[in-house]
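Written out below as structure tokens is the structure these notes cover.
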Amino acid sequence: MTSPQTLDDADRRTVADWAAECAEHVLGLFEAEAPDDLRPREAIERARAYARGELDAAGEIKRRFVAGRAASVATTPAGVSAARAAAQAAAVAHVGSHALGAAAYAARAVALASPDDPRALDDEVRWQLDRMTDDVRAALRRLPRLGEDRSGPLGPGLLASGMLGAAIREIQDALGTPG
């Protein structure tokens, strides 16, 4: 049985470009620390290529962890989160709910890079929401609420806690995700 977090291929392709945009928005935080490490940028490019139908899910499933390994070379928590945002965007080809993971890690990166700005996380989430198309909104509404389904990234694990969970809840609340 397929998890409701997977989404069908068409919906995954729809949300992949938005997830890539969220990750790219914070990519500079990683690249400032590791300018020669192209793994996150390449992951974002692959997410966009998948969204355009140029790559298949099977090939991307095999490569989805590459950008996440780049987090180990980051020197700040913001840089780590930026690399993880790219990894989550690349993983959308595998499971659609990773799009919310990409957005959450991007929002966390901004918040960590702006510790004196209590609105940084909310401002980044608003930026992300403003970039959603109607099709992206519709696809993301098909996902279960954070913490309600154990069969994927939106289960009661890492994405459900702290700033990551706060960002995803804010997005789902804005979308009116049933739950």
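Here are the numbers for this structure:
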read-out: Loop sites in the stretch 1-101: trypsin sites (Lys or Arg not before Pro), DSSP, at most 15 other Cβ within 10 Å; value: Arg52
read-out: List Asp116, Asp17, Asp135, ordered by accessible area with a 1.4 Å probe, largest first; value: Asp116, Asp135, Asp17
read-out: Excluding exposed DSSP-loop GluC sites (Glu not before Pro) (at most 16 other C-beta within 10 Å), longest clean stretch of the chain; value: 55-147
read-out: Accessible-area order (highest first, 1.4 angstrom probe) of the listed residues Asp123, Asp149; value: Asp123, Asp149
read-out: Sites matching trypsin sites (Lys or Arg not before Pro) across the stretch 86-179 that sit in DSSP coil, with at most 15 neighbouring C-beta atoms within 10 Å; value: Arg119, Arg131, Arg145, Arg150
read-out: Accessible-area value, Thr2, 1.4 Å probe, nucleic acids and ligands omitted, Å²; value: 100
read-out: Structure-derived Rg and Dmax of the Cα atoms in Å: which label, when the choices are (1) 15.6, 47; (2) 14.6, 46; (3) 21.1, 69; value: (2)
read-out: Order of exposure, largest accessible area first, which applies to Asp11, Asp36 with probe 1.4 Å; value: Asp36, Asp11
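The values are calculated or read from the model by the stated rules, or taken from the named source; none is laboratory data. This structure is a prediction, so every number in the text was calculated from the model and none was measured. Note that each Cβ is placed from the backbone with ideal geometry, even for glycine, and that neighbours are counted across all protein chains shown. With ligands, DNA and RNA removed, areas are computed over all heavy atoms of the protein, side chains included. Shrake-Rupley method; radii C 1.70, N 1.55, O 1.52, S 1.80 Å.
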